[in-house]
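Written out below as structure tokens is the structure these notes cover.
Where a number appears in this text, it was derived from the coordinates with a stated rule and is not lab data. Just so it is clear, the structure is predicted and the values come from calculations on it, not from any experiment. When we count neighbours, we look across all protein chains shown, and the Cβ atoms used for this are built from the backbone with ideal geometry, even at glycine.
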Amino acid sequence: MQITPLTSHTGAEVRGLDLSRPVSDSVRQDLNRAFIRHGVLTIRDQHLEPAQMLAAVELFGTVFHQHNTRFALPDCPQIHYISNQDRFPDGRRYIPGEGWHTDHSNDARPPKATVLHAVTLPRQGGDTQFANMAEAYASLPPAMQDRLADLMGIHVYQSSHSSRKLMTLPDVNRERVPNAVLHPIIRTHPDSGRKSIYINPIRIEGILGLDHREALPLLDDLLDHATAERFQYRHQWQPGDLVIWDNRCLLHKANGDYDMAETRYLYRVMLQGDVPR
Ligand code: SIN
């Protein structure tokens, strides 16, 4: 197995690994170390059926049960799909994952990681961008780091301030989803010990104790800073890619910039995380 960094701060490519076959304990440990170090692992040339994908992702942790089950694969419901072929009830096309976000931050224990496996890709476009929130935090002026140190974000299923709208939750899923949870705006990674900015424009409704007139511009400024190109790795999908990323220290977004007559379809699994601290 060869692991090659893709930028100086985020992303590494893994080659020479076949996840459809048993993986030794030492390879599993190397993969987990690389995941913590690089934040995004792109494992090339995998062709996994849903059950094989589940076994592969369990090398990194325990499957997280998604809040909205409408995208579950009927034969393997722990795996969901990402597709550009679904529509909102009013007929508009739904592009999952557009706009910067971190996954399911409205959960008390948000998923530590998300894994996508490419099944069908458009001929060009449809990249996934990642922005490194630990690098972004480290480059904030110390006065700003102090200002943010004790702030708590209020996360909900769908922020009323977000222009990106999610699919509504089916009634059957509502019970499991909290109305609102509080998470620190600056969190410390449980494995690396690095501090990161933890914001989510799609889910943050406000900041505890701050008026919206102060909180919303602060969140906008932070997002602008944190998603600067110098903190990014942009993933251009190749057939067979299996990509795992660390939601605790990255924002990501999908790009709906390709020909919608073509299908973009990927399998998706998230992995259980801890309470952010
Ligand atoms: C997601 O946000 O989980 C999906 C990202 C993508 O489709 O590139």
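Let me make sure I get this right: for the stretch 1-141, a, b and c are the square roots of the gyration tensor eigenvalues over alpha carbons, sorted descending. Under 1.5 in a/c it's rounded, otherwise prolate if a/b > b/c, else oblate. Which is it? Each step should come with its number before you reach the end.
Working: a/c = 1.55, a/b = 1.17, b/c = 1.33.
The shape class here is oblate.
By its C-alpha gyration tensor, with a ≥ b ≥ c as the square roots of the eigenvalues, how is the stretch 77-202 shaped: rounded for a/c under 1.5, else prolate for a/b larger than b/c, else oblate? Prolate, since a/c reaches 1.5 and a/b exceeds b/c. Our note on the geometry: Cα centres of the stretch 153-221 and the stretch 222-277, 17 Å apart.
Apply the a/c threshold of 1.5 to the C-alpha gyration tensor of the stretch 69-111 and tell me whether it is rounded, prolate or oblate. Don't skip to the answer; put the middle values down first.
Numbers: a/c = 2.24, a/b = 1.19, b/c = 1.89.
Judged from the Cα gyration tensor, the stretch 69-111 comes out oblate (a/c at least 1.5, b/c at or above a/b).
Beyond 30 Å, how much of the Cα-Cα pair distribution for the stretch 2-271 remains, as a whole percent? Walk me through the intermediate numbers first.
Values: 9775 of 36315 pairs.
Cα-Cα pairs in the stretch 2-271 separated by more than 30 Å: 27 percent.
Cβ-Cβ distance of residue 208 and residue 32, R₀ of 41 Å, FRET efficiency by 1/(1 + (r/R0)^6): the value works out to about 0.75. Mean sequence separation of contacting Cα pairs (under 8 Å, at least six apart), scaled by the length of the stretch 2-271, corresponds to a relative contact order of 34 percent.
Take every DSSP beta bridge with both residues inside the chain and express the antiparallel ones as a percent of the total, to the nearest 5. Before the final figure, lay out the partial values.
Numbers: 48 of 52 bridges.
That works out to approximately 90 percent antiparallel.
In the elastic network of the chain, a GNM with C-alpha springs shorter than 10 Å, the most mobile of 27, 156, 119 is 27. Summarised as an ellipsoid, the stretch 176-237 has semi-axes of 22, 17, 14 Å, derived from the eigenvalues of the Cα gyration tensor scaled by 5 and square-rooted, with the largest first. When each of the peptides 47-56, 97-106, 266-275 is scored by the mean number of other C-beta atoms lying within 10 Å of its residues, the order from highest to lowest reads 97-106, 266-275, 47-56. The C-alpha atoms of the stretch 155-277 occupy a region whose extents along the principal axes are 47, 39, 28 Å, arranged from largest to smallest.
Ordering 14-23, 223-232 by mean Cβ neighbour count within 10 Å, with the highest value first, yields 223-232, 14-23.
Comparing 39, 126, 11 in a Gaussian network model of the chain, where Cα atoms under 10 Å apart are tied by springs, the biggest mean-square fluctuation is seen for 126.
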